[in-house]
Amino acid sequence: MYCYQCQRWYANVAPQAVPPGAPPPPPGQWYPQPQPAPGAMDRLIPTRNPNALVAYYLGVFSLLPCIGFFLAVPALILGIKGLAYVRRYPEVPGVVHAWVGIVLGAIFTLVWGAAIVLGAVPFFMGP
């Protein structure tokens, strides 16, 4: 790309990557590409926030009795990480998915944890 301000060629910079009126980048560097605004499908399935998406699915599948506890704990952790990512980058969708993961992860961590403890107490107490 040719810069009309400094009259130099930059071979490694895409023409659409340089904002109008911006100084040319040093040789060997790139300007960041602008991200498109999230559409309806991005809000339905937030692929740019994988922590929130995985937390959502783990939270929903933590309803399963045998493996629910082992899915609820990661759902809670990943939901918190997904929400932190949304707060850091507000343009990224996934707030609802992160909250669903947090709420379901917290509820089923307590439910299945209590079930494990209450089921284990008679086992260890003996007859």
Test of understanding: extend the Cα→C-beta vector of Ala120 to 7 Å, then name every residue of segment 48-86 with backbone N under 17 Å from that spot. 66-74
In whole Hz, what ³J(HN,Hα) sequence does segment 68-74 give by Karplus (6.51, -1.76, 1.60; θ = phi - 60°), x for Gly and Pro? x, 5, 6, 9, 6, 5, x
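Could the peptides 96-105, 45-54 be put in order, highest first, of the mean number of other beta-carbon atoms found within 10 Å of their residues?
Going by the mean number of other Cβ atoms within 10 Å, highest first, we get 96-105, 45-54.
Read the figures in this text as sums done on the coordinates, not as results from a lab. What you see is a predicted model, and the numbers here were worked out from it, not measured in a lab. Here Cβ is always computed from backbone atoms with ideal geometry, including for glycine, and neighbour counts include all displayed protein chains.
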